Amino acid sequence: MARTSMQKQKLLCLRKIMLEKTDENNGLTIAEIISELQRYGIKAERKSLYDDLKVLENYGMDICRTKSSTVRYYVGTRDFEMPELKLLVDAIQSSKFITHKKSLTLIKKLEGLVSIYEGKQLQRQVYVSNRVKTVNEKIYYNVDNIHNAISNDKQISFKYYKWELNFETAERIVKKEKKEGALYTVSPWALCWEDENYYMIAYDKNAEMIKHYRVDKMDDIEVTNDLRDGKIVFDKLDIAGYSKSVFSMFGGEQVTVKLLVDNDMVGVIADRFGTNIFVSKATDSAFYVSVKVMLSPQFYAWVFGLRGKVKILSPQRAADEFKKQLEAVSENY
């Protein structure tokens, strides 16, 4: 058989055809494989194809055969099973920090891990309430820059934004630079996923404390040549406990609060603070629990949302502040 300029790519094209055009429910006969190879300008004979399929099998590809009126060949086991890929697609679709455009791009790449027939099953729309996609396409590069800084033990500088109202523009809600555009310089130590948002946990040398920043509100990130500060402080920090205590990552004074909780709210407490917390019996229908939280409007809103089934016992100033919050809301109605 005369060799064409594409003949050396025969095995590569055969592998591509098998991955794209076959699965457990869709196999190809030898004649069909020959026809598919011809699309790439490659001539093939039956005998040589048997040998080529064997080479791919020895290489690690799971080449399977089905026999009916004729023998069909298909790829069986793949790196990812369909249920796993569907789970990843659902996670991408429902993730708040991944933009709609990037979601489509990532899902398209996942489709390339299965046959064209199974890929259609991944083109699904997941609807999740209360999740608005971010519009910041730079978040992926932000995350990468932060990871690089952490890996190289370096500080970073960046600009930080907030949302403001501006009735003089077409888009009434606009981003505005905080600190009038001045750069923040901190030592990043970790990235945290909390309440559908990415946060950077960092040490602020000037304030001598750990702070957190929304990654999608960061811009112009630069990795500096300065080594990170705050290792001793960060080593003492329980990241899991920290993220659980801050309630949607809004800042406030961190204190230990004692709560009186109805027994039927134990699942809510476990979901919020985990199961590695100390609880004690209060009555036959309630228990005590002490946890660290950031005293913030979000914490008080969480308590309010539990409809009286959680009561703040101490510190007294936290209970007093919660009462003031309730009174302030009541005055509006």
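The values are calculated or read from the model by the stated rules, or taken from the named source; none is laboratory data. What you see is a predicted model; the values in this text were computed from it and never measured. Here the Cβ positions follow ideal geometry from the backbone for every residue, glycine too, while neighbour counts run over all protein chains shown. Only protein heavy atoms, including side chains, enter the accessible area calculation; ligands, DNA and RNA are left aside. Shrake-Rupley method; radii C 1.70, N 1.55, O 1.52, S 1.80 Å.
General remarks:
- Restricting attention to segment 251-267 and to residues that are among the β-branched types (Val, Ile, Thr) and under 26 Å from residue 213 (Cα atoms), the residue that is surrounded by the most Cβ atoms within 10 Å (Cβ to Cβ) turns out to be 257.
Let's see how each residue does on (1) open to solvent by less than 30 Å² (accessible area, probe 1.4 Å); (2) in contact with a strand residue (DSSP E or B) (Cβ under 7 Å, 6 or more places away or on another chain):
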| residue | (1), (2) |
| --- | --- |
| 200 | yes, yes |
| 209 | no, no |
| 212 | no, yes |
| 217 | no, yes |
| 228 | no, yes |
| 231 | no, no |
| 238 | no, no |
| 243 | yes, yes |
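- Considering (1) in a loop (DSSP other than H, G, I, E, B); (2) open to solvent by 50 Å² or more (accessible area, probe 1.4 Å), the lone condition that residue 61 does not fulfil carries the number (2).
- Among the residues of segment 1-9, at least one is in contact with an Asp or Glu (Cβ under 9 Å, 6 or more places away or on another chain), at pLDDT below 95 and more than 22 Å from residue 121 (Cβ to Cβ).
- Number of residues in segment 280-333 that are open to solvent by 50 Å² or more (accessible area, probe 1.4 Å), of a type in the set (Phe, Trp, Tyr) and under 27 Å from residue 239 (Cα atoms) equals 2.
- All conditions but one from (1) in a loop (DSSP other than H, G, I, E, B); (2) more than 19 Å from residue 32 (Cβ to Cβ); (3) open to solvent by less than 60 Å² (accessible area, probe 1.4 Å); (4) out of contact with any Asp or Glu (no Cβ under 8 Å at 6 or more places or on another chain) apply to residue 107; the one that does not is (1).
- The number of residues in segment 110-143 being open to solvent by less than 50 Å² (accessible area, probe 1.4 Å), modelled with pLDDT of 85 or more and assigned to a loop (DSSP other than H, G, I, E, B) comes to 2.
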